[in-house]
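Q: Starting off with a structure, shown below.
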Amino acid sequence: MRRFLVILLVLVIMAAGVAEWGVAKFSAPGPSTKVTDVVIKPGVHLHGIADALVAAGVIERPQIFEWGVRLHQTGSKLKAGEYAIPAHASMSDIMTLLMSGKTVEHKITAAEGLTSDMIWKLVKADPSLTGDAGPLPLEGTLLPETYLFDRGATRASIIARMTKAQADLIAKLWPARQADLPWTTPEQAIVAASLVEKETGVPAERAHVAAVFVNRLRLGIKLQSDPTIIYTLTGGYPLGRGIRESELNRVTPYNTYAVAGLPPGPICNPGRDSIAAVLNPGTTEDMYFVAAGNGGHVFSKTVEEQNRHVAELRARERAAKAGHP
């Protein structure tokens with residue numbers, strides 16, 4: 001009996017030592033020397049999770065990881081997803097991260113002024129997304145922004161979010177629009193906003209450009225917006241050269257030099273600021289604007305002023321081409 005008790009005591013001491021060693025290993029710094037992305041697939045059990053962590057090189061002893069998780073009774077709390085495991089993260093740290101569900105967030109950015117075709121192709125090309133992107137969205141129906149998503153999100157879901165974001169923005173801004181605007185429907189406002197978006201990249205100018213368009217439409221003066229001609233020629237992609245006289249004179253639905261009023265549809269997907277600008281453009285007496293050569297524009301009330309500003313711009317362009325300051 002005494003011998004049995006001695007053996008039992010030795011076994012208890014050994015078990016305690018093993019347990020203490022296991023606890024120490026579970027909390028010790030891990031082997032990875034850099035941040036490592038690990039994907040835990042949905043439906044994978046604890047053994048599979050441990051194997052994925054070993055394969056990624058962030059733990060070395062899967063049995064200890066499984067033992068530690070079972071000891072803490074957290075196996076059912078580990079969540080699937082893509083995780084960025086910090087360098088030297090312990091198994092305890094990894095368990096806590098997988099319980100938190102703080103997965104890696106991917107992002108896709110659709111810049112203001114891109115066409116629906118351009119954005120659609122961006123979504124189709126993103127390797128972190130899955131599935132088909134669906135049909136090409138109608139021009140001007142997407143809201144350009146940065147969208148966050150988890151790896152494995154579907155391309156169709158991103159297109160749906162962009163579409164909903166624009167619809168929600170219009171629903172919010174339309175009721176508070178300025179009175180007596182020449183665009184009388186949300187769809188027309190998006191068309192106007194797409195012209196403003198392509199005319200200027202200077203945020204402070206957007207409402208001013210919109211106000212000039214308001215003035216011209218009220219008086220029946222053609223908008224004469226160069227981006228509408230480029231859209232006719234390239235579908236919104238860069239033209240790579242100047243617009244020819246024959247293209248200015250060619251009558252097409254989108255040529256605002258030849259046809260009065262707004263074009264029949266948007267020429268890009270305008271951003272939040274451009275949409276807000278056309279719904280509340282304020283007032284101005286200006287009727288014209290021309291590029292100032294520095295990214296902004298010079299505005300004019302009369303055609304005489306406009307002609308002078310155009311002549312000054314051409315002179316600067318000739319000087320720059322000749323290498324003069």
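Q: Looking only at residues in the range 169-215 that are basic (Lys, Arg) and surrounded by 21 or more Cβ atoms within 10 Å (Cβ to Cβ), which one is farthest from Phe299 (Cα to Cα)?
A: Lys198
Q: Sort out which residues of the range 142-160 are modelled with pLDDT of 95 or more, in a loop (DSSP other than H, G, I, E, B) and open to solvent by 40 Å² or more (accessible area, probe 1.4 Å), and write them in order of number.
A: Listed by number, the list holds a single entry, Glu145.
Q: Now for a separate question. Say whether the condition of being hydroxyl-bearing (Ser, Thr, Tyr) and within 21 Å of Gly235 (Cβ to Cβ) is met by at least one residue in the range 112-133.
A: Yes, the range 112-133 contains a residue that is hydroxyl-bearing (Ser, Thr, Tyr) and within 21 Å of Gly235 (Cβ to Cβ).
Q: Also: Within the range 118-130, is even one residue in a loop (DSSP other than H, G, I, E, B), free of Cβ contacts under 8 Å to residues at least 12 places away in the same chain and surrounded by fewer than 17 Cβ atoms within 10 Å (Cβ to Cβ)?
A: Scanning the range 118-130, I find at least one residue that is in a loop (DSSP other than H, G, I, E, B), free of Cβ contacts under 8 Å to residues at least 12 places away in the same chain and surrounded by fewer than 17 Cβ atoms within 10 Å (Cβ to Cβ), so the answer is yes.
Q: Which pairs have Cβ atoms under 7 Å, sit 6 or more apart or on different chains, and link a residue in the range 219-242 that is under 22 Å from Lys121 (Cβ atoms) and in a loop (DSSP other than H, G, I, E, B) to one that is open to solvent by 30 Å² or more (accessible area, probe 1.4 Å) and among the β-branched types (Val, Ile, Thr)?
A: Matching pairs, first to second residue: Leu239/Ile230.
Q: As an exercise: evaluate Pro263 against (1) open to solvent by 20 Å² or more (accessible area, probe 1.4 Å); (2) modelled with pLDDT of 95 or more and give the number of the one condition it does not meet.
A: (1)
Q: While we're on this one: Checking Glu304 against (1) without any contact (Cβ under 8 Å) to a residue 40 or more places away in the chain; (2) crowded, with 17+ Cβ neighbours inside 10 Å, which test does it fail?
A: (2)
Q: For Ile108, work out the one condition from (1) among the aliphatic types (A, V, I, L, M); (2) modelled with pLDDT under 95; (3) not in a helix (DSSP H, G or I) it doesn't fulfil.
A: The one condition Ile108 does not meet is (2).
Q: Please work out which residue is farthest from Leu195 (Cα to Cα), limiting yourself to the range 224-260 and to residues that are in contact with a Phe, Trp or Tyr (Cβ under 6 Å, 6 or more places away or on another chain) and surrounded by 15 or more Cβ atoms within 10 Å (Cβ to Cβ).
A: In this case the residue turns out to be Thr232.
Q: Would you confirm, using the coordinates I've provided, whether Asn294 is more than 30 Å from Ala171 (Cβ to Cβ), assigned to a helix (DSSP H, G or I) and open to solvent by 50 Å² or more (accessible area, probe 1.4 Å)?
A: No, not satisfied.
Q: Okay, moving on. Just to verify a result, which residue in the range 277-291, among those that are open to solvent by 40 Å² or more (accessible area, probe 1.4 Å) and modelled with pLDDT of 90 or more, is farthest from Gly113 (Cα to Cα)?
A: The selected residue is Glu285.
The values are calculated or read from the model by the stated rules, or taken from the named source; none is laboratory data. Worth saying up front: this structure is predicted, and the values here are computed from it rather than measured. Note that we place each Cβ from the backbone using ideal geometry, even for glycine, and neighbour counts take in every protein chain shown. Just so you know, the surface numbers come from the protein's heavy atoms only, side chains and all, with ligands and any DNA or RNA stripped out. Shrake-Rupley method; radii C 1.70, N 1.55, O 1.52, S 1.80 Å.
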